[in-house]
Amino acid sequence: MKTLPNQPAFELIRQLLAEGRDVSIRVEGQSMLPFFRSGERIRIRSLHSGDLQPGQVVLGQTASGHFVIHRILQVTEQSVLLQGDGNLRNREMIPCERICGIVPCSRVHRLLARIWRGLGPLRRYPLWLLRHLARP
């Protein structure tokens, strides 16, 4: 196991995914609560045809160069709109070519995420509780 600063680590991850290899990483932050907690390990695989669909969780690079693991809200021919499950407002529009990989999620996971997103602004209350319980 190797620990690298974020930018070089994600550049290496992007390269490995482009080669068709799977990568396992540790989640940092709370933007994907309640589905992925900080410190949890997730697997990312390379993209296959048809992967970019609403509800999928992907790794993408924003215009500012930051890498995010967020859920797809909307897909157009040129870009995807992403938002973390734990984010109430912030969204990222990312060109399709800057999506590096996908986090394989079960149908049950995607169904629960759809229900979660359907709660809209009411999510703020369980998120507040989850964030406070997750503090070290």
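Where does each of HIS109, HIS48 land when they are ranked from fewest to most other beta-carbon atoms within 10 angstrom?
HIS48, HIS109
Would you kindly calculate the translational diffusion coefficient of region 1-65, applying Stokes-Einstein with the Kirkwood radius from alpha carbon pairs, for 37 °C and a viscosity of 0.692 mPa s, and quote it in µm² s⁻¹ without decimals?
250
Report the paramagnetic label zone for LEU119: residues of region 49-71 whose backbone N is under 20 Å from a point 7 Å from Cα along the Cα-to-Cβ axis.
Taking a point 7 Å out along Cα→Cβ of LEU119, the residues of region 49-71 whose backbone N falls under 20 Å are 55-57, 70-71.
Between ARG41, ARG98, ARG107, find the one with the highest GNM mean-square fluctuation for the chain; connect C-alpha pairs within less than 10 Å.
ARG107
Pop out the Kirkwood hydrodynamic radius of the chain from its pairwise C-alpha distances, inverse of mean 1/r, in Å to one decimal.
It works out to 15.4 Å.
Could you calculate the contour length gain from LEU88 to GLN7, that is, 0.36 nm times the residue separation minus the distance between their Cα atoms, to one decimal place in nm?
That works out to 26.6 nm of additional length.
For region 70-134, I need the span (max minus min coordinate) of the C-alpha atoms along each principal axis, in Å, sorted largest to smallest.
Rounded to whole Å, the extents work out to 37, 25, 21 Å.
Would you mind ranking VAL57, VAL103 by Cβ crowding within 10 Å, fewest neighbours first?
Ascending Cβ contact count within 10 Å gives the list VAL103, VAL57.
Determine the relative contact order of region 6-133: mean sequence separation of Cα pairs under 8 Å and six or more apart, normalised by residue count, in whole percent.
23
Under a plain spin-label model, where a point goes 7 Å from the Cα along Cα-to-Cβ, how far apart in nm are LEU130 and THR62?
1.9
Arranged by the count of other C-beta atoms within 10 angstrom, fewest first, what order do VAL27, VAL108 take?
By the 10 Å Cβ count, ascending, the order reads VAL108, VAL27.
222 nm [θ] for the chain, helices only, -39500 (n - 2.57) per DSSP H run of 4+, per residue, to 500?
-8000 deg cm²/dmol
Read-outs throughout are calculated quantities, based only on the coordinates presented, and are distinct from any laboratory measurement. Predicted model, so just to flag it, every value in this text is computed and none were measured. As a convention, Cβ positions derive from the backbone with ideal geometry for all residues, glycine included, and neighbour counts pool all protein chains shown.
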